[in-house]
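This report concerns only the one structure given below.
The values are calculated or read from the model by the stated rules, or taken from the named source; none is laboratory data. All values reported here derive from a predicted model rather than from experimental measurement. Cβ: placed from backbone, ideal geometry, glycine included. Neighbour counts: every protein chain shown.
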Number of protein chains: 2
Amino acid sequence: GGVDKSVDFANYFCTYGFLYHQKEMLCDRVRMDAYYNSIFENKDHFVGKTVLDVGTGSGILAIWSAQAGARKVYAVEATKMSEHARELVKANNLQDVVEVIEGTIEDITLPEKVDVIISEWMGYFLLRESMFDSVIVARDRWLKPTGMMYPSHARMFVAPIRSGLGDQKMSDFESCMGDWSNFLKETKTYYGVDMSVLTNSFGAEQKKYYLQTSIWNNLHPHQVIGKPCIIKEMDCLTATVSEIRSVQASFSSLITEDRTRLCGFAGWFDVHFRGNKENPAENEVELTTAPSMENGTHWGQQVFLLHPSIHVREGDELNVSFSMDRSKENHRLMEVELGCEMREASGKQHPSFTKRFYIE
Amino acid sequence: GGVDKSVDFANYFCTYGFLYHQKEMLCDRVRMDAYYNSIFENKDHFVGKTVLDVGTGSGILAIWSAQAGARKVYAVEATKMSEHARELVKANNLQDVVEVIEGTIEDITLPEKVDVIISEWMGYFLLRESMFDSVIVARDRWLKPTGMMYPSHARMFVAPIRSGLGDQKMSDFESCMGDWSNFLKETKTYYGVDMSVLTNSFGAEQKKYYLQTSIWNNLHPHQVIGKPCIIKEMDCLTATVSEIRSVQASFSSLITEDRTRLCGFAGWFDVHFRGNKENPAENEVELTTAPSMENGTHWGQQVFLLHPSIHVREGDELNVSFSMDRSKENHRLMEVELGCEMREASGKQHPSFTKRFYIE
Ligand SMILES: Nc1ncnc2c1ncn2[C@@H]1O[C@H](CSCC[C@H](N)C(=O)O)[C@@H](O)[C@H]1O
Ligand SMILES: Nc1ncnc2c1ncn2[C@@H]1O[C@H](CSCC[C@H](N)C(=O)O)[C@@H](O)[C@H]1O
């Protein structure tokens with residue numbers, strides 16, 4: 001289920017039309033350094049080459065590609081941000097190399113195929129926004145058979161964590177349900193209407209909001225209490241939409257901290273810039289959004305909280321099944337199902353549970 | 001310029017599908033008392049009558065109409081909230097009187113014309129959301145010639161105010177522009193790109209956001225420093241879309257406080273429940289959203305700030321021209337142009353100025 005194009009423009013693309021939002025991405029030093037280094041430490045991938053920047057935004061990646069020596073750069077942007085990209089290209093005197101094209105990558109055409117597709121398409125937990133679909137379209141239509149993808153590879157991780165957020169969300173939820181009780185009393189007393197029949201529906205709505213929606217957070221590495229597991233690896237040169245539309249994985253993770261609480265799981269991603277088989281990168285660059293004290297990113301991690309948390313000890317084993325699908329109402333949002341079984345180091349088995357989450 | 005229907009559902013109607021949002025309205029005691037009293041203190045308008053509730057939401061106004069003795073109530077709601085309305089009607093044992101119909105008032109049909117149209121259609125500063133357009137459709141299609149509107153009349157007010165918000169917004173704006181300067185330097189130093197060509201566009205975007213967007217506020221009555229003026233009066237029985245699409249007024253207001261600052265203007269509204277000429281209300285009810293210490297509403301007031309503020313004294317006269325039109329991109333949002341000329345009590349004339357505002 002996709003959303004129709006005018007809704008997509010009103011909701012998804014809309015935010016990218018603001019310089020304020022582009023600036024937030026341009027201020028993410030980890031992100032910027034990774035793309036900058038991937039280009040300038042592997043200049044031979046760009047010198048004399050044709051490049052396509054999918055979703056150029058302010059134009060930054062197209063400009064760097066040109067500065068690194070590209071012969072021609074096509075910079076495609078769906079929103080009016082294209083006009084600012086064009087100004088910026090001009091102000092940096094690259095108008096003979098960079099051609100800014102306003103339109104969705106799905107709609108536009110190029111005069112030639114390209115050697116490199118560069119794009120910063122990653123959303124929260126890699127796949128939110130589903131923008132990689134558009135990169136696949138670009139690749140299948142416009143990349144030469146010998147071409148390469150920037151970035152070339154991506155991985156998704158999940159790890160068990162501890163966090164105070166769970167208690168806070170639970171107490172927010174409870175106070176919201178307390179308000180509801182008061183509201184019921186007042187509405188009955190002052191306005192003669194009994195609204196208690198709506199309690200379950202209201203509770204479900206608030207539970208979804210407070211307890212089942214994943215939370216953006218920049219975790220401290222100490223909050224990770226077990227081995228992070230790779231739940232998905234993809235090669236950007238060959239990945240297909242059907243492969244990313246639904247992500248399924250089973251893994252087990254050993255708790256590495258003693259006497260702590262399992263409060264939930266965190267999801268993050270990394271991408272690598274490796275060139276391709278024929279032309280591997282001289283200097284491979286990694287962009288990771290893992291919990292970090294000094295290198296946090298604007299992506300942070302997505303946190304999936306358990307209520308209540310569970311006492312765990314070093315050596316306890318978690319057997320987790322993870323599945324993520326697109327939301328039926330909006331293909332840019334995700335739904336996650338997380339099943340977990342715990343076996344204590346002592347051998348004692350705990351009852352398994354399953355929880356649904358929404359990445360909104 | 002309207003927005004297309006799927007966008008309207010994704011953006012406008014969407015919020016009304018949440019019980020949380022309906023509850024916020026149901027918790028506004030000033031709003032609730034006004035509708036409740038207008039119905040139960042004028043029961044003869046309802047006893048044995050047919051009623052149409054335009055945008056029934058949770059169903060509250062339809063339920064009250066039925067409790068007051070209506071023979072039949074059609075409760076029309078565009079969103080899935082209709083399902084909760086239906087549950088609530090049933091739980092209050094009114095399913096024989098209240099018929100909940102899911103659909104937009106523009107799309108549905110009724111089996112008969114009605115005696116009363118009741119609706120809570122008012123947005124911020126009365127007209128934001130443009131929902132009265134739908135009430136007009138309902139009236140022209142489904143109200144008997146002898147029918148009446150609940151509410152029957154509405155007015156919009158503007159008054160000069162003082163407020164600390166202006167200084168705060170200005171300092172937010174300035175710190176945002178300071179960040180931008182740093183950002184320019186860093187981007188040039190670390191990433192070799194000169195982005196200064198975007199400064200004007202970024203400034204305009206932030207100025208619109210911080211300084212030209214009207215602000216929701218519940219003002220203290222003391223913050224009103226001059227005579228409030230009525231800029232629009234409407235009779236809900238006869239008002240037309242062309243009459244509300246654009247609101248124009250010129251007025252003068254005398255400053256009533258000595259030695260204070262004119263920081264901007266506030267806009268609010270009231271509505272009245274007067275029945276109609278043949279059947280005037282026995283007990284007229286007023287719902288006002290004017291600044292009030294104890295009777296604030298969820299509508300608050302819309303504040304339009306001047307930068308910088310202006311020193312004024314008692315007796316100074318403001319000659320204001322006000323015009324409000326719908327935004328071209330989204331007919332549910334508004335744009336305001338406010339012209340002001342000040343003549344001091346001493347006779348001294350100040351230069352006039354004009355400012356644009358956005359009600360988002
Ligand atoms: N299908 C599509 N066609 C064209 N542009 C798209 C697109 N999907 C997303 N975009 C654009 O892609 C951008 C992603 S954000 C990245 C912006 C820029 N490349 C940078 O690295 O700073 C947004 O500006 C968005 O509007
Ligand atoms: N054209 C239209 N047709 C049907 N419902 C509409 C509509 N425009 C707005 N609405 C609905 O009107 C409601 C306005 S809010 C008021 C809800 C309720 N009458 C109460 O007083 O508490 C929302 O639920 C919204 O979804």
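Filter the range A:26-41 down to residues that are facing another protein chain (nearest Cβ under 10 Å), over 19 Å from the mean Cα position of the chain (by Cα) and under 21 Å from A:GLU294 (Cβ atoms), then give me how many there are. Walk me through how you get there before you give the answer.
First pass over the range A:26-41, keeping only residues facing another protein chain (nearest Cβ under 10 Å): A:26-27, A:29, A:32-33, A:35-36, A:40.
Applying the additional criterion that residues be over 19 Å from the mean Cα position of the chain (by Cα) yields A:36, A:40.
When the remaining residues are screened for being under 21 Å from A:GLU294 (Cβ atoms), the result is A:36.
Counting residues in the range A:26-41 that are facing another protein chain (nearest Cβ under 10 Å), over 19 Å from the mean Cα position of the chain (by Cα) and under 21 Å from A:GLU294 (Cβ atoms) gives 1.
In the range A:233-265, what residues are buried (at least 19 other Cβ atoms within 10 Å of the Cβ) and either free of Cβ contacts under 8 Å to residues at least 12 places away in the same chain or over 23 Å from A:PHE353 (Cβ atoms) (or both)?
Selection gives A:MET234, A:CYS236, A:ALA239, A:ILE244.
This table checks each residue for (1) among the charged types (D, E, K, R); (2) touching a residue at least 40 places away in the same chain (Cβ under 8 Å).
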position	(1), (2)
B:LEU19	no, yes
B:LYS43	yes, no
B:GLY48	no, no
B:GLY69	no, no
B:VAL73	no, no
B:THR79	no, yes
B:GLU83	yes, no
B:VAL89	no, no
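Across the range B:85-104, which residue is surrounded by the fewest Cβ atoms within 10 Å (Cβ to Cβ) among those that are more than 14 Å from every other protein chain (Cβ to nearest Cβ) and within 19 Å of B:LEU19 (Cα to Cα)?
B:GLY103
For residues that are of a type in the set (Phe, Trp, Tyr) and touching a strand residue (DSSP E or B) at 6+ places or on another chain (Cβ under 8 Å), tally how many sit in the range A:184-233.
Here the count works out to 1.
For B:MET148, are the conditions met, namely being within 13 Å of ligand 2 (Cβ to nearest atom) and either at pLDDT 95 or above or within 20 Å of B:PHE13 (Cα to Cα) (or both)?
Spelling it out, it is not the case that B:MET148 is within 13 Å of ligand 2 (Cβ to nearest atom) and either at pLDDT 95 or above or within 20 Å of B:PHE13 (Cα to Cα) (or both).
Residues are listed down the side, and each one gets a yes or a no for (1) at positive phi; (2) without any contact (Cβ under 8 Å) to a residue 40 or more places away in the chain; (3) within 16 Å of ligand 1 (Cβ to nearest atom); (4) in contact with a helix residue (DSSP H, G or I) (Cβ under 9 Å, 6 or more places away or on another chain):
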| site | (1), (2), (3), (4) |
| --- | --- |
| A:VAL116 | no, no, yes, yes |
| A:GLU120 | no, no, yes, yes |
| A:SER130 | yes, no, yes, yes |
| A:ARG141 | no, yes, yes, no |
| A:TYR150 | no, no, yes, yes |
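Please state which of the following conditions B:GLN349 fails to meet, knowing it meets all the rest: (1) surrounded by 14 or more Cβ atoms within 10 Å (Cβ to Cβ); (2) over 22 Å from B:ARG31 (Cα atoms); (3) out of contact with any helix residue (DSSP H, G or I) (no Cβ under 6 Å at 6 or more places or on another chain).
In the conditions (1) surrounded by 14 or more Cβ atoms within 10 Å (Cβ to Cβ); (2) over 22 Å from B:ARG31 (Cα atoms); (3) out of contact with any helix residue (DSSP H, G or I) (no Cβ under 6 Å at 6 or more places or on another chain), B:GLN349 misses (1) alone.
Could you list, in sequence order, the residues of the range B:1-25 that are in a loop (DSSP other than H, G, I, E, B) and more than 9 Å from chain A (Cβ to nearest Cβ)?
B:GLY1, B:GLY2, B:GLY17 - these are the residues of the range B:1-25 that are in a loop (DSSP other than H, G, I, E, B) and more than 9 Å from chain A (Cβ to nearest Cβ).
Against the conditions (1) under 20 Å from the mean Cα position of the chain (by Cα); (2) away from every other protein chain (no Cβ under 14 Å), where does A:TYR209 fall short? Just the number, please.
With respect to (1) under 20 Å from the mean Cα position of the chain (by Cα); (2) away from every other protein chain (no Cβ under 14 Å), A:TYR209 is out only on (2).
For every residue, the table says whether it meets (1) closer than 22 Å to A:LYS188 by Cβ; (2) touching a Leu at 6+ places or on another chain (Cβ under 9 Å).
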{"site": "B:HIS21", "(1), (2)": "yes, no"}
{"site": "B:GLU41", "(1), (2)": "yes, no"}
{"site": "B:LYS49", "(1), (2)": "no, no"}
{"site": "B:GLY59", "(1), (2)": "yes, yes"}
{"site": "B:ILE63", "(1), (2)": "yes, yes"}
{"site": "B:LYS72", "(1), (2)": "no, no"}
{"site": "B:VAL89", "(1), (2)": "yes, no"}
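Scan the range B:217-246 for residues that are over 16 Å from the mean Cα position of the chain (by Cα), in a loop (DSSP other than H, G, I, E, B) and among the aliphatic types (A, V, I, L, M) and jot them down.
Matches in the range B:217-246: B:ILE225, B:LEU237, B:ALA239.
Here are A:SER163, A:SER175, A:SER134: which of them is within 13 Å of ligand 1 (Cβ to nearest atom), of a type in the set (Ser, Thr, Tyr) and either at pLDDT 95 or above or under 29 Å from A:LEU306 (Cα atoms) (or both)? Spell out the reasoning first.
On the way: A:SER163 fails: within 13 Å of ligand 1 (Cβ to nearest atom); A:SER175 fails: within 13 Å of ligand 1 (Cβ to nearest atom).
Residue meeting the stated conditions: A:SER134.
Looking at the range B:114-121, is at least one residue away from chain A (no Cβ under 14 Å), surrounded by fewer than 20 Cβ atoms within 10 Å (Cβ to Cβ) and of a type in the set (Ser, Thr, Tyr)?
no
Checking B:SER6 against (1) within 17 Å of the chain's Cα centre (by Cα); (2) surrounded by fewer than 16 Cβ atoms within 10 Å (Cβ to Cβ); (3) polar (S, T, N, Q): exactly one of these is not met. Which one?
(1)
Would you say A:THR15 is more than 9 Å from ligand 1 (Cβ to nearest atom) and either in contact (Cβ under 8 Å) with a residue 40 or more places away in the chain or farther than 19 Å from A:ARG141 by Cβ (or both)?
No, not satisfied.
Identify the single condition in (1) buried (at least 17 other Cβ atoms within 10 Å of the Cβ); (2) touching an Asp or Glu at 6+ places or on another chain (Cβ under 9 Å); (3) within 14 Å of chain A (Cβ to nearest Cβ) that B:LYS188 does not satisfy, given that it satisfies every other one.
Condition not satisfied by B:LYS188: (1).
Residue-by-condition table, conditions (1) modelled with pLDDT of 95 or more; (2) among the hydroxyl-bearing types (Ser, Thr, Tyr); (3) over 13 Å from A:GLU120 (Cβ atoms):
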| site | (1), (2), (3) |
| --- | --- |
| A:ASN11 | no, no, yes |
| A:CYS14 | no, no, yes |
| A:LEU19 | yes, no, yes |
| A:ARG29 | yes, no, yes |
| A:TYR36 | yes, yes, no |
| A:ILE39 | yes, no, no |
| A:TYR74 | yes, yes, yes |
| A:LYS80 | yes, no, yes |
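Within the range B:113-133, can you find the residues that are among the β-branched types (Val, Ile, Thr) and within 13 Å of ligand 2 (Cβ to nearest atom)?
Initially, the range B:113-133 is screened for residues among the β-branched types (Val, Ile, Thr), giving B:114, B:116-118.
Passing the criteria: B:ILE117, B:ILE118.
Can you tell me which residue in the range A:53-68 is nearest to ligand 1 (Cβ to nearest atom), limited to those that are within 17 Å of A:MET148 (Cα to Cα) and within 13 Å of chain B (Cβ to nearest Cβ)?
Looking at residues that are within 17 Å of A:MET148 (Cα to Cα) and within 13 Å of chain B (Cβ to nearest Cβ), I get A:LEU61.
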